[in-house]
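Just so you know, all these numbers are worked out from the coordinates, no wet-lab data involved. The structure displayed is predicted, hence computed values, not measured ones. With ideal geometry, Cβ positions are generated from the backbone for all residues, glycine too; neighbour counts draw on all protein chains shown.
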Amino acid sequence: MNFSSDNWAGASQPVMDALTRHNHGSAPAYGADPLTDRITQRFRDIFETDVSVLFTATGTAANALSMAACARPGGLVLASETAHLHCDEWGSAEFYTHGMKILPLATTAGRIAPDAVAEALAKYREGSRFGVPAALSLTQATECGTVYSPGEVAALTARARENGLVCHMDGARFANALVHLGATPAELTWKAGIDVLSFGATKNGCWCAEAMVVFNPQSLPHLAIHRARAGHLFSKSRFVAAQFDGYFEGDHWLDLARSANGAAARLAEGIGQGGRARVAWPVQANEVFAVLTQAQIAKLRGEGAKFYEWSREGCEDDEHVVRLVASFETTAEEVDRFVALL
Ligand SMILES: Cc1ncc(COP(=O)(O)O)c(C=O)c1O
């Protein structure tokens, strides 16, 4: 019953098999190998457009380096108040951008409202001593386990683009959002105004494979140099590419995400049944935020369940919102045991 996070899971077998399959002979270093080329082409097929793809080791690096490439002096990054890049990345976006400020925007269930972006744009105009908006970052799926529809993404980016902002998507759980919506990768990104995507694969079955997928290279000049200077240009790039090879083969990545989302949905249903407890926000991807009493938390932990306490938003005195994350490895038995204990 491990619901700590999807990055506690291992790597999927097809991903590990691909690593072994590609571990022979020598190949040019620093991404000039044929496999990296082939995988870049695969990204182009998936996104139905001519993207450039830059691997990084972590999602934090993908987020921070995307921001670095669109940084301007006195720039502001508009992001949700719960955005990972604001709350959980040790100030790396601020560090790599030479001090762009993150402007946290109010959210509903993790999603930024278009009005919040409009208000920030109206308030902080060119010449503002506080700073000037330079980028918008949306997290998909959000940190609250909800997703933005393509229309919602487009509405947010339209305001931002009118004002010259670069639009970034933190897609640490992109696959989970995608399968929930049944949208295409193109509809959810560049067709909805996204310039660059942090494409996460580590949480969904790879062991160290993230990528910056660039739809609009003019908006991110020198991104490749920022990545190299930050130490994220892999000399053995083909082993990151190999993970993506296994990940994409036969739409394995979508199957993994469906499995994780299915486990989360089963968990949410079980939690809600018979008034056991309630969920804090709609469950749309692979995360469940449940409002539990301290007694329930203690009981579950005593029986070996693992999860994090998240916040006290909307809680009564002895309640706490806990985060339960399902991964592609989560089994129905684990879920059912958790629910039975509850
Ligand atoms: C929404 C989101 N973005 C980015 C990251 C960063 O990924 P990494 O831990 O690989 O730096 C995480 C990791 O938990 C995340 O949940």
(message) Averaging the inverse of every distinct alpha carbon separation and then flipping it gives the Kirkwood radius. What is it for the chain, in angstrom units?
(response) 20.6 Å
(message) Using +1 at the C-beta of Lys and Arg and -1 at the C-beta of Asp and Glu, which of S327, S80, V339 has the Cα lying farthest in the positive direction of the dipole of the chain?
(response) S80
(request) Rank V288, V147, M212 by how far each Cα sits towards the positive end of the charge dipole of the chain (+1 on Lys, Arg Cβ; -1 on Asp, Glu Cβ) and give me just the farthest. (result) M212
(message) As a test, work out the antiparallel percent of DSSP beta bridges whose residues both lie in the chain, rounded to the nearest 5.
(response) 55 percent
(request) Would you mind calculating the gained length between N7 and A109 on full extension (0.36 nm times residue separation, minus the Cα-Cα distance), in nm to one decimal? (result) 34.5 nm
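Dividing the alpha-carbon radius of gyration of region 185-248 by 2.2 N^0.38 Å (N being the number of residues), what value is obtained? List each step's numbers first, then the result.
Working: Rg = 12.9 Å, N = 64, 2.2 N^0.38 = 10.7 Å.
That ratio works out to 1.21.
Let me know the charge dipole size of the chain about its Cα centre in debye, to the nearest 20, where only the beta-carbon of Lys, Arg (+1) and Asp, Glu (-1) is charged.
Numbers: 29 positive and 38 negative charges, 140 e Å.
Its charge dipole is roughly 680 debye.
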(message) Can you tally the net charge around A106? Count Lys and Arg as +1, Asp and Glu as -1, for every other residue whose Cβ sits under 11 Å from the Cβ of A106.
(response) -2
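How big is D, in µm² s⁻¹, for region 252-342 by Stokes-Einstein at 20 °C and 1.002 mPa s if Rh is the Kirkwood radius over C-alpha pairs?
Numbers: Rh = 13.2 Å.
My calculation gives 163 µm²/s for D.
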(message) Tell me the mean residue ellipticity at 222 nm calculated for the chain from its helices only (DSSP H runs of n ≥ 4, each -39500 (n - 2.57), averaged over every residue, nearest 500).
(response) -11500 deg cm²/dmol
